[in-house]
Every structure is written in C-alpha cells, then in structure tokens.
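The values are calculated or read from the model by the stated rules, or taken from the named source; none is laboratory data. Values in this document were obtained by computation on a predicted structure and should not be read as measured data. Cβ coordinates were reconstructed from backbone atoms using ideal geometry, including for glycine residues, and neighbour counts include every protein chain displayed.
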Amino acid sequence: MRSRLTLAVLASIPLFAVMGACTSQPPSGGDDDAGTHRPDVAQLDGGGFDAGFRQDAHDGIDASLDAGDSAVVDAGPGCFFPFIPAGWRRVECGCCDLWAPESLEDIPPIEWESCAYDGSVDCRIMRITWTDGIARFNVARMTTDSEGRPLLAFHRYPVDGDGRLWVLAEADGDVVNAILEPQARTGCAIANHDLNDGRYLIDIFGNARTGRVDCHSAHILTGEVGKEPRHLWQEIDAPKELGAWSSFSRDLVVQWFLGRVEATDWQMQGRQVIYSAGIDPDGLTPYERTVIGTSVFIVVSAGGNSGIVSWTPEDGPRNLLRWPGDDSRGASNLGTDGEVMVWTYGEGKPPGGWYHDYASFSIMTAPFTTDPAQLEATSRRVRAEIGGQLVGRSESWKVGCGFAARGAFRANGLVVVRLADGAAWFLPTVSGLSWGETLGVTCEEIFTIAQTPRGDLVARVKIDSLGAPLPPD
C-alpha cells in the first residue's frame, strides 16, 4: 500500500507570507532600468545575438546537471538550517531551506473526482486530499512527456500551517518530483515554475541569510523530470529588484525583468537583452514569453495596444504581429505547440480604446514560424472570437492535436476550437465552478484551472464529450 505524507509535519509550520513585491506573475510597468544585468540591448529588426552567445550551449545543461556545475556563487556565511524531520532531506539551494522527501512514495498522487458540471460533459476535478479546509493553490503548469501523457506541476497548501509542497506528478500516475518550503523564517519562497522539453525550472526569491522574502535576491533550481534539482543560478542582494520569472527550452533560459527580456545559455553565460520597451516605437512592455528551441515569442502591450514580437539568435527581435503607430489593430493571446500557432487578432479599435474595444476579434492560425513575411503569407482566420480581448496572460491559447482552448473571462467561460474547420464549443460558468486559465491540450482532453468554493484546482474535460459544436462563421 502506498504510504501517505502526514499533515502533522506541515501543520506545525508557521504562517508563510510572501511580500507583495514578489508575485507569481510579472507586475505591470515598463521601467527599462530595473534589475542589475545591463547587457547590450537588441534592436528590433536589427540582427541577432552577438558572439558571446553560444548556440551549441544547450548541450551544456546535461553535462552541467550531471557534474553539478552552475553559475552559483558562494552565498557567504550565516546559513542556518533547522532540524529536518525524518523522511526528508535538504535540497541544495544556497542558504534557502528547502526539503525533498526521501521517498516519493510518501507523497500522495493526484486523485480526481467528478466536476459539478453539466452531466453530458465528462469533467473531472482534482480531489483535495491534503487539507480538510479551503485549498490554496499556486499557479499550475502542464506539459506532456515523450508519449503524450500529461504532467502537472502545482503547489499543495495545507490549511493548518502555511508550508507549501511543490508537486510534479503524472496526471494519472505517480508523483515524480516534490519540494517542500517548510518555514517562513528561512526567507525563501518559490515564486514561479515552468515545464518544457522534459525538464522543470523553479524561480525562488529571497535571502535566507537575512530572512527577507523580496525581489533583491533570486535563485533558479532546475532538473530533468523525475530527477533531483540542481542549483543553477543565484544573485544575492541586488541593488534593484530582480524579475527573473523564467521560461526555457533545452537551448535557452529566458528571463523576464521589469521592462525587458533577457536570454542566456544554460551556463548562464552570454546573457543579452532580446527585447526592451525602450526599443519599441510605442514603448510596449513585454509580458508572456514562449520558448521553442532557439525561438522566443514575446507578447507586448501598454495603454490598450498589444502585439507579438519574435526573436531568434540569427535574426534578433522582429515585429511578428506588431504594427507600430497603428493603434487600430493588435494581436495577443499567442499559443503554440511548436507546429501550429494560434492567436487573437483585433481590428477597428477607436483612438484611445482599450484591449476589449476592438470592433471585431478573430481567432487566427498559421504554421509555426518566426518570420513576419512567412506568417503573413500562411496565416488564416479560423472564426470569430468568443469574449475576445487582447490581454494575454491567463487568456492565452493552449494548442494541441488540432485543437486550441483558452479561458475567456469577458464571456465567463471556456472556449475550445477545432482549427481545421472553425467549429467551436463554449462551456459557460455554472454555480460552484468557473473556468480559469487553460493549462494544456492533449488529443483527448483540455486541462484547465477551475475556480470552486474550496479553492482553485485543476480540471480536465474530455473533448469528445463536448457535444455538438457551434458552427463555423
């Protein structure tokens, strides 16, 4: 029989508090001078990465993780590690006191139960097994393994104490990684996490030597799915707040800082700014980043205007879906599976209009490309949007197996579209369940956040149970 992690250890942990300066999403703003790294800034349509970036450096992460090499510097004296209960061991992360279980069999797997939704829709929701109260649920992430099976990463918050257990688990199988943030007084907190290319990456803020959880000190843990994490990078006591919400592929680590985006290799060398609000003619600020191989897509926005910029080492930043000086049209909500791209296109916005004020919104698709000319030549309209607005973030499309899905908050529901013919389904919010950010799409299911009276949880909806679609328009 699988043993269960008792909540006694977690319940004894004092209240966990993260300062408002360090949130799980990049804040609004466009201060291009924020942070401490000041590499050369790329220019839009002005060429690729300089010679300091090694395009073959993706090979280095494997050797780095095996050998334990990293860009970490000595955190200095003063680390204090309290007693660790039996069954746990410390995760190496400078002075941060993080624990991993000695045996992953002690961590309960994900359990599912039926959603409180229309009986004709096959919907299941994550069962709350770690608390009897309200579940507090951090940002979830999803990816698929080499065989297309879904993997989910999320936090489990117990209600009696505020230690947080980060879990990476198969949706229908075992827990493959787990890290516990045990105590607020250590001064470190997991702020962001990401999954891609068979790996995980965790951003941690805080300085354990001072006990401060703020954005002036940051760390990165990373590892192969199912393997131990390595302490890849840290910066301690930076004079200005760090951003460092990270996205990645096997080729690049891409970090968001206030007003700019930087890319580096897995040795954290050759760092360069790949987009800055200062190079955009309208000063649009970067937000979501999507990394596929050596290609990066950045959703940019400010003052009601939105667009999408692409970047590669060879070509540098380019206006992929960006019309400087033309406020009447815009693009956002980009999603891709590396083969197909999907986005929302708005046109007919009046002067001074906001992200939802376009006269029309369309769902668009094209084969994967970073080339603006190729995208223009191959893109096509799928259908009219449902609850359209150009805000990105939690309304971004997730794409897979010829389908795309997103949470549409203006329409208060979940939108699913079949890209081949524009057929669509709309699942409205019902009492006790509303749809949040879509996490991923497989050939059989949509995985999404569901907001319930007991907290925000992951739900899964069978595509073949959606019934008759809305006809293409």
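Observations
- The selection criterion, being within 30 Å of residue 302 (Cβ to Cβ) and either in contact with a Gly (Cβ under 8 Å, 6 or more places away or on another chain) or acidic (Asp, Glu) (or both), holds for residue 396.
- Filtering segment 252-266 to residues that are under 22 Å from residue 390 (Cα atoms) and assigned to a strand (DSSP E or B) leaves 256, 257, 260, 261.
- Test result for residue 220, in contact (Cβ under 8 Å) with a residue 60 or more places away in the chain, more than 16 Å from residue 311 (Cα to Cα), under 15 Å from the mean Cα position of the chain (by Cα) and buried (at least 23 other Cβ atoms within 10 Å of the Cβ): no
- Extreme residue, nearest to residue 144 (Cα to Cα), among residues of segment 417-441 that are polar (S, T, N, Q) and surrounded by fewer than 19 Cβ atoms within 10 Å (Cβ to Cβ): 434
- Of the set (1) touching a Ser or Thr at 6+ places or on another chain (Cβ under 6 Å); (2) more than 20 Å from residue 175 (Cβ to Cβ), all apply to residue 218 but (1).
- Once segment 377-414 is narrowed to residues that are closer than 15 Å to residue 356 by Cα and of a type in the set (A, V, I, L, M), the residue that is modelled with the highest pLDDT is 384.
- Restricting 307, 325, 316, 346 to those that are in contact with a Gly (Cβ under 7 Å, 6 or more places away or on another chain) and farther than 30 Å from residue 264 by Cα reduces the list to 346.
- Among residues of segment 79-91 that are more than 17 Å from residue 204 (Cβ to Cβ), those with a beta-carbon under 6 Å from a residue that is surrounded by 12 or more Cβ atoms within 10 Å (Cβ to Cβ) and at pLDDT below 70 at least six positions away or on a different chain give the pairs 85/9.
- If the condition is being in a strand (DSSP E or B) and surrounded by 14 or more Cβ atoms within 10 Å (Cβ to Cβ), then segment 346-371 contributes 346, 347, 361, 362, 363, 364, 365, 366.
- Qualifying residue in segment 372-380 (condition: buried (at least 22 other Cβ atoms within 10 Å of the Cβ) and either touching an Asp or Glu at 6+ places or on another chain (Cβ under 8 Å) or of a type outside the set (A, V, I, L, M, F, W, C) (or both)): no
- Each residue in segment 316-345 was checked for being in contact with a Lys or Arg (Cβ under 8 Å, 6 or more places away or on another chain), assigned to a strand (DSSP E or B) and surrounded by fewer than 21 Cβ atoms within 10 Å (Cβ to Cβ), and 1 of them qualify.
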